[in-house]
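Scroll down for the structure; my scribbles are underneath it.
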Amino acid sequence: MAAACTVAELAVAVERLSGGRLSARVLGASALPLEAVAPLDSAGPCDLAFLANPRYRAQAPASRAGAIVLSPTERTALFPLEIRAQGALVECEAPYAWFAFAAQHLVGAGAPVPGRDPSAVVAAGARVDAGARIEALAVIGDGAVVEEGAWIGAGCSVGTNARVGAGTRLHAGVRVYEGCRIGRRGIVHAGAVIGADGFGFAPFAGGWVKIPQTGAVRIGDDVEIGANTTIDRGSAGDTVIEDGVKIDNQVQVAHNCHIGAGTAIAGCVGIAGSAFIGRNCQIGGAAMIHGHIRIADGTIVSAGTLVSRTLAEPGFYTGVFPLLRHREWERNAALIGHLADLRGRLRRLERAMAGISPANAPQEERQP
Amino acid sequence: MAAACTVAELAVAVERLSGGRLSARVLGASALPLEAVAPLDSAGPCDLAFLANPRYRAQAPASRAGAIVLSPTERTALFPLEIRAQGALVECEAPYAWFAFAAQHLVGAGAPVPGRDPSAVVAAGARVDAGARIEALAVIGDGAVVEEGAWIGAGCSVGTNARVGAGTRLHAGVRVYEGCRIGRRGIVHAGAVIGADGFGFAPFAGGWVKIPQTGAVRIGDDVEIGANTTIDRGSAGDTVIEDGVKIDNQVQVAHNCHIGAGTAIAGCVGIAGSAFIGRNCQIGGAAMIHGHIRIADGTIVSAGTLVSRTLAEPGFYTGVFPLLRHREWERNAALIGHLADLRGRLRRLERAMAGISPANAPQEERQP
Amino acid sequence: MAAACTVAELAVAVERLSGGRLSARVLGASALPLEAVAPLDSAGPCDLAFLANPRYRAQAPASRAGAIVLSPTERTALFPLEIRAQGALVECEAPYAWFAFAAQHLVGAGAPVPGRDPSAVVAAGARVDAGARIEALAVIGDGAVVEEGAWIGAGCSVGTNARVGAGTRLHAGVRVYEGCRIGRRGIVHAGAVIGADGFGFAPFAGGWVKIPQTGAVRIGDDVEIGANTTIDRGSAGDTVIEDGVKIDNQVQVAHNCHIGAGTAIAGCVGIAGSAFIGRNCQIGGAAMIHGHIRIADGTIVSAGTLVSRTLAEPGFYTGVFPLLRHREWERNAALIGHLADLRGRLRRLERAMAGISPANAPQEERQP
């Protein structure tokens, strides 16, 4: 399905794919044919490469890529004469986004070939659009809806009354529980589980009484969900993932969470029940979010950080123990349980010093 | 399968489900018919809602729920006249447990419709009870036992000589390895893997030699296991999950762990090999438990805490880096590797001060 | 498939399995027949047990095991007379490795029975070796290659043009995406996902543009991958797992990572994109590795540690908040955000002290 084209044609394609919002200046060999994408250091004459992370700047001058897309600033610094012997330059304000659209054009995904593998088990009461694709050994439950252009991978199960929106692809082995709904143009990777029961139990008589989880999961349009990620159904009321959310692998979203549009969540993150995460947030890998808290729109949380309270103000938050040589860690970490003692000793010294030398009296109100 | 009933009938049903241990006082419209459960803020006239978390207290007076279950204390504070214009009040010492049983009655799960989907692959030597349900494309291995009322979901595999106890439900795509046993009335969510090899290798000649994992997994009665959770088989001897344990999604239980009855483990927890966790513990989300340690009965571990040593005394343990604005984190975290130096400087100052002003001599024996 | 044998025969088998590199001295009842392996405290007369972890030393003298393998040092300390009433002793410099090979011999895995279950769905264009085993309801895509002695478990899917090397076993429900390659003699546990899209999006106009992930996953020989682990395909260029790497359950390896030969990665680890991990590293459970960094050969990272920068020097690194009683944590953790203030106050005191008593002037250059 690859769509080889010249650098100049690619610039036209990107402008179209981006809705006219992304234009570029092609410098040099604009008639060069491109077929694929590759990193700067391994690209060949038929590949498009990009420079966005300054870490890789040194690789650009020597790259054999047919074309390199980069910002005007980098272009000026690296190729001040607008000349690159090995091929073309594509100068663009948003080189990474330009590369993304260009790669989409070159890879040329498009709609699946419709049809139903004879080994799939589709309930009589399921409504599968004629333009959908159902792969081998998938199971579609009674009352489930699979819309036009949806693609259900091998061995998936779509539960009773669940819905998979138009153009959404479930890779192999995805499990969608009863009544859960996924919007349009989504991608769900292998092994993801949508709609398992939330973890709800009432303590009683030394044991636990299960709270039936009567809500579902409601996922918007243009959402991507990573492999083996789990999103639990609501206890009463739904777990909601808004449009354009991107979730990486091995993420756990508990019951009744709400994740705002455009938020990106990296791998191994855990989000406890009823957390409300705003729009356009970025949650770093393995961060953990407590339940029943709110995170403001546009908040950024560092990888590995535990968020234990509401973040009412957007900002960049971190809470990670710094990496040390183990012997340094042993020397220092044991003191963390004595910080309050150390502060107390510091206060006593300050008071003693103030007695001897009043000019050095501490300003108590500024102290922690 | 829903079982609509009046508030008064529901109180009778809960008393029965709880084995007579949970009674309630119904105030007001006891003949009102209830059909479902809902949160306080979205419940309607046919819904039961509950108030257990004080965070949601303010929602109770305005709730349109047909009935609200709450504690005598909350009832007295919020509805001192025992009157609620919108519907009934259910006063109960354990409102959350009452709600749980009531929801079970209203949702009305019950036993599955028995039968075997023709697409399932059941070995000739498997023993599947006539009262069990085997869904599409499940695989039941030779010598495996599926007891009465067990429910094997779509695409599950139950290995050779494995056993699924009476009334236990495996949701879609659960994998039970050879020889592993799950007790009665359990629930295992999609994608869980029971009995994969433990991570056991002996270092040898610069590489690793695999230790065959010859034990299995033995799971008690009334255990719930979350989606994509993994419980490894023992290396020699079994991994044991006792009765009534509740495990959330994406939890990893390594080989030869022992988890005591009634313990609850939240999502994303990892438990290393041969850890012994007592009864009625609560392990917070993403906590990590080292191998070969013991945790006393009734211990509570905070979310995100790494437990690196035996906890012989029950209690509430925490070890989490506090959340900071990133710029505050940068200012302060770097000092953690210098705490021992800071303490040294403090000691020198204390000694100098003692030379000048002996009354301020530090009490060395009390210092960390 | 178990292969019972005497202690003496087992010593010969281990020497052969280890390529002649592992010999042992059998003391005592060398003609005793062994059938299985078991821990010291539960082994019986037909079991082999081992002593490698000093934690279990006290169990050795009373063990009823038919044979115990242990180091010369432990043998001398525990059985100075080279006599053990209950059975044999096996003295060996590498007792754990000896035990591993011995257990492999006793368990006797070997090659699978070849054949293809009639319920499997194998594309016409797939090349499945006659010596491979394909279990029930597996799906093998067009152009996929399954080599001799490979074993594809129930419900697996092997994507278009993917390759499973000779002697490699995929347990139930493994998902291998299009074009990914697994080497020889590997083991992949249930629910693992090889080759899902990396998490790559370019920010654009308030949303995210997907970067097509055009690379694949390339896994070497003798690699073991745990249950529900995920290894993403490269964005451009492959994600590479070298020979002899051992990966536990629930690990996430992001796109374009490179993991060097012989490295072992414990459960719940997350590795962000383009991280380069050297050879023979050991990464503890739930450690998290940032993207675009390098870790030197032979590095050891503690469980729960976040590695946020390149580790150019091998060593033992840790970054974990120490476990505290919760009330101690509350007293002390709050001060972490004030460490810079505490240091500032210490400096002021040092200067004041230097004014009073110049002999105590701080050595500024040694301070953090």
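In table form, for the structure just shown:
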| quantity | calculated |
| --- | --- |
| Verdict on B:Ala261 being surrounded by fewer than 24 Cβ atoms within 10 Å (Cβ to Cβ) and touching a residue at least 40 places away in the same chain (Cβ under 8 Å) | yes |
| Scope segment C:99-131; condition under 26 Å from the mean Cα position of the chain (by Cα), assigned to a loop (DSSP other than H, G, I, E, B) and of a type in the set (A, V, I, L, M); matching residues | C:Ala109, C:Ala111 |
| Identity of the residue in segment B:126-163, more than 14 Å from chain C (Cβ to nearest Cβ) and of a type in the set (Gly, Ala, Ser), that ends up nearest to B:Ala192 (Cα to Cα) | B:Ala150 |
| Tally, over segment C:10-25, of residues that are touching a Ser or Thr at 6+ places or on another chain (Cβ under 9 Å) and away from chain B (no Cβ under 14 Å) | 1 |
| Leading residue by the ranking (modelled with the lowest pLDDT) among those in segment A:348-368 that are part of a helix (DSSP H, G or I) and facing chain C (nearest Cβ under 7 Å) | A:Asn360 |
| Condition check for B:Val14: touching a residue at least 24 places away in the same chain (Cβ under 8 Å), touching a helix residue (DSSP H, G or I) at 6+ places or on another chain (Cβ under 7 Å) and assigned to a strand (DSSP E or B) | no |
| Residue within segment B:301-315 that is in contact with a helix residue (DSSP H, G or I) (Cβ under 8 Å, 6 or more places away or on another chain) and either among the polar types (S, T, N, Q) or modelled with pLDDT of 95 or more (or both) present | yes |
| Test result for B:Val90, farther than 24 Å from B:Cys46 by Cβ and more than 9 Å from chain A (Cβ to nearest Cβ) | no |
| When residues of segment C:259-274 are limited to those that are outside any loop (DSSP other than H, G, I, E, B) and over 25 Å from B:Ala205 (Cβ atoms), the one nearest to the other protein chains (Cβ to nearest Cβ) | C:Gly270 |
| Where a residue in segment B:321-347 is more than 7 Å from every other protein chain (Cβ to nearest Cβ) and its partner, wherever it lies, is part of a helix (DSSP H, G or I), with Cβ under 9 Å and at least six apart | B:Arg347/A:Arg345; B:Arg347/B:Glu364 |
| Index of the failed condition, A:Gly344 passing every other in (1) crowded, with 16+ Cβ neighbours inside 10 Å; (2) not in a loop (DSSP other than H, G, I, E, B) | (1) |
| Selected residue [over 24 Å from A:Cys156 (Cα atoms) and among the aliphatic types (A, V, I, L, M)] from B:Ile182, B:Ile152, B:Ile140 | B:Ile182 |
| Complete set of residues in segment A:23-45 that are under 16 Å from A:Val107 (Cα atoms) and in contact with a strand residue (DSSP E or B) (Cβ under 6 Å, 6 or more places away or on another chain) | A:Pro33, A:Leu34, A:Ala36, A:Val37, A:Ala38, A:Ala43 |
| Pick from segment C:282-336, criterion part of a helix (DSSP H, G or I) and among the basic types (Lys, Arg), ranking: farthest from C:Thr229 (Cα to Cα) | C:Arg331 |
| Candidates A:Glu93, A:Glu178, A:Glu148, A:Glu82, filtered to the one that is within 25 Å of B:Asp117 (Cα to Cα), among the acidic types (Asp, Glu) and part of a loop (DSSP other than H, G, I, E, B) | A:Glu178 |
| Condition check for A:Ala77: surrounded by fewer than 21 Cβ atoms within 10 Å (Cβ to Cβ), in a loop (DSSP other than H, G, I, E, B), of a type in the set (A, V, I, L, M, F, W, C) and more than 14 Å from every other protein chain (Cβ to nearest Cβ) | no |
| Subset of segment B:234-255 [modelled with pLDDT of 95 or more, surrounded by fewer than 24 Cβ atoms within 10 Å (Cβ to Cβ) and in a loop (DSSP other than H, G, I, E, B)] | B:Asp238, B:Glu242, B:Asp243, B:Gly244 |
| Filtered residue count, segment B:130-187, keeping only those that are of a type in the set (S, T, N, Q) and closer than 29 Å to A:Val209 by Cβ | 1 |
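Every residue, every condition in (1) out of contact with any Phe, Trp or Tyr (no Cβ under 9 Å at 6 or more places or on another chain); (2) exposed (fewer than 13 other Cβ atoms within 10 Å of the Cβ); (3) more than 12 Å from B:Ala102 (Cβ to Cβ), yes or no:
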position: B:Glu35; (1), (2), (3): yes, no, no
position: B:Leu40; (1), (2), (3): no, no, yes
position: B:Pro45; (1), (2), (3): yes, no, yes
position: B:Ala85; (1), (2), (3): yes, yes, yes
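For (1) more than 14 Å from B:Ala202 (Cβ to Cβ); (2) in contact with a Lys or Arg (Cβ under 8 Å, 6 or more places away or on another chain), each residue gets a yes or a no:
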{"residue": "C:Ala29", "(1), (2)": "yes, no"}
{"residue": "C:Ala36", "(1), (2)": "yes, no"}
{"residue": "C:Gly44", "(1), (2)": "yes, yes"}
{"residue": "C:Ala102", "(1), (2)": "no, no"}
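The values are calculated or read from the model by the stated rules, or taken from the named source; none is laboratory data. Since the structure is predicted, the reported quantities are computational estimates derived from the model, not experimental observations. We place every Cβ from the backbone using ideal geometry, glycine too, and count neighbours over all the protein chains shown.
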